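Student: I have a structure I would like to understand better, so I am pasting it below and will then ask my questions one at a time.
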């Protein structure tokens, strides 16, 4: 395993280019299962999770090739595919559950390992299965696998109301419904740009979907879909991370291939913190000329503040002027990284799904460990402004969501190097 060794104090300045969205490209690869033939997807980031999804598709019978230079994945889907997603891959990436809907639609069955050993009663998977059952499928939990069988005549269009606008459940039911018999209506559907991206690719393949981008999706089933060539939407979370990097280091970064409208609330929060944000022809530029002002945030489903930017904003608040309250409404586990941030001297207290951060004039470098992708990014940002050296361990988490993170930071002026554990022993 590698670590990042960071010498704090650098001001970041320059330009970065954002690749396609991790949270979209992985799902688009799963969408390809719905159409026999060759599907080509561009702007697929060169990250570990893409490698895992590619291997999962191969085990289902597909031929998959990936060109890291052009960031293009080519998927050849046979007429007959397997329907079992094994635990050794699914446990490494929760997004593997995205194959559930396509497998049931294509083969009439799916055996998908429960991601990370989650109980079937968990909020997200419970909505997946409840929706599939309303479409006529039978769902059981057998030996750690979610086993789904569609009726002999295929899935049946129905109306599904989601108790919560779950991204995963929306994706599963959307992909299951595009070839179902009749019309499927998903009420209280997730509205994230990545959901819109999936819908747009499905429409390109021949699906009939109304209400794209709204909370009400109406899907009229078609008999078959066609393979296509498609380009992934840009990664708003990576773009948002660069925005915070500029703000926390009092820097000046221009972010290319980013849609500022997808980050409207996050960028507005940075303006409140004192940043200057301007849209450009290809993205946005963010400048910070003083110490940030602490800002309250509360995570919510899109178009609310994204939970995937919560750790980065906590890091910003840790060195900001004043105090701020951060409320996490989606994933209570997001606060796990606070203990690591505290090792750098941050003053953060948590109570349930609230975190109170009192900004300090400076942090102090120390060894810390990333607990997930975004927590790792938050710790790196904190290390950039900490006095002395910060060593971030378990950077394999960060590699799952950011392409060449340390190299891009170096180009912006950061003093950061990647070293292997063997080199440190």
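The values are calculated or read from the model by the stated rules, or taken from the named source; none is laboratory data. Given the structure is predicted, the values throughout are model-derived calculations rather than measurements. Cβ: placed from backbone, ideal geometry, glycine included. Neighbour counts: every protein chain shown.
Student: From the residues in the stretch 412-425 that are in contact with a strand residue (DSSP E or B) (Cβ under 6 Å, 6 or more places away or on another chain) and not in a loop (DSSP other than H, G, I, E, B), which one is surrounded by the fewest Cβ atoms within 10 Å (Cβ to Cβ)?
Tutor: 420
Student: Do you know which of the residues in the stretch 267-276 that are surrounded by 20 or more Cβ atoms within 10 Å (Cβ to Cβ) and over 22 Å from the mean Cα position of the chain (by Cα) is nearest to residue 293 (Cα to Cα)?
Tutor: Checked the stretch 267-276; the qualifying residue nearest to residue 293 (Cα to Cα) is 273.
Student: In addition: Return the total of residues in the stretch 33-83 being over 23 Å from residue 226 (Cβ atoms) and in contact with a helix residue (DSSP H, G or I) (Cβ under 8 Å, 6 or more places away or on another chain).
Tutor: The total comes to 8.
Student: Would it be correct to say that residue 300 is under 17 Å from the mean Cα position of the chain (by Cα) and either loosely packed, with under 15 Cβ neighbours inside 10 Å or under 28 Å from residue 92 (Cα atoms) (or both)? If you could, list the steps in order and put the result at the bottom.
Tutor: Working: under 17 Å from the mean Cα position of the chain (by Cα): yes; either loosely packed, with under 15 Cβ neighbours inside 10 Å or under 28 Å from residue 92 (Cα atoms) (or both): yes.
The answer is yes for residue 300.
Student: Follow-up question, since we're still on this one. Report, by residue number, each residue of the stretch 120-166 that is touching a residue at least 60 places away in the same chain (Cβ under 8 Å) and in a helix (DSSP H, G or I).
Tutor: Within the stretch 120-166, no residue meets the criteria.
Condition check ((1) in contact with a helix residue (DSSP H, G or I) (Cβ under 8 Å, 6 or more places away or on another chain); (2) assigned to a loop (DSSP other than H, G, I, E, B)) across all residues:
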residue	(1), (2)
239	yes, no
243	yes, no
250	no, yes
267	yes, no
270	yes, no
303	yes, yes
309	yes, no
313	yes, no
317	no, no
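Student: Just to check your reading of the model, which residue among 275, 318, 294 is assigned by TED's automatic domain parsing to the domain that holds residue 360, at pLDDT 95 or above and under 25 Å from residue 193 (Cα atoms)?
Tutor: 275
Student: One residue is enough: does the stretch 379-397 have a residue meeting the conditions in a helix (DSSP H, G or I), modelled with pLDDT under 95 and surrounded by fewer than 24 Cβ atoms within 10 Å (Cβ to Cβ)?
Tutor: Filtering the stretch 379-397 down to residues in a helix (DSSP H, G or I) leaves 379-384, 396-397.
Checking which are modelled with pLDDT under 95 leaves us with 396-397.
With surrounded by fewer than 24 Cβ atoms within 10 Å (Cβ to Cβ) added as a condition, the list becomes 396-397.
Taking every residue of the stretch 379-397 in turn, at least one turns out to be in a helix (DSSP H, G or I), modelled with pLDDT under 95 and surrounded by fewer than 24 Cβ atoms within 10 Å (Cβ to Cβ).
Student: What number of residues within the stretch 177-193 are in a loop (DSSP other than H, G, I, E, B) and within 23 Å of the chain's Cα centre (by Cα)?
Tutor: Final tally of qualifying residues: 5.
Student: Quick check on my filter: what residues within the stretch 351-368 are in contact with a helix residue (DSSP H, G or I) (Cβ under 7 Å, 6 or more places away or on another chain) and modelled with pLDDT of 95 or more?
Tutor: Hits for the stretch 351-368 are 355, 357, 359, 360, 363, 365, 368.
Matching residues to (1) within 23 Å of residue 75 (Cα to Cα); (2) out of contact with any helix residue (DSSP H, G or I) (no Cβ under 9 Å at 6 or more places or on another chain):
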position: 135; (1), (2): no, no
position: 139; (1), (2): no, no
position: 149; (1), (2): no, no
position: 167; (1), (2): no, no
position: 173; (1), (2): yes, no
position: 178; (1), (2): yes, no
position: 197; (1), (2): yes, no
position: 218; (1), (2): no, yes
position: 226; (1), (2): yes, no
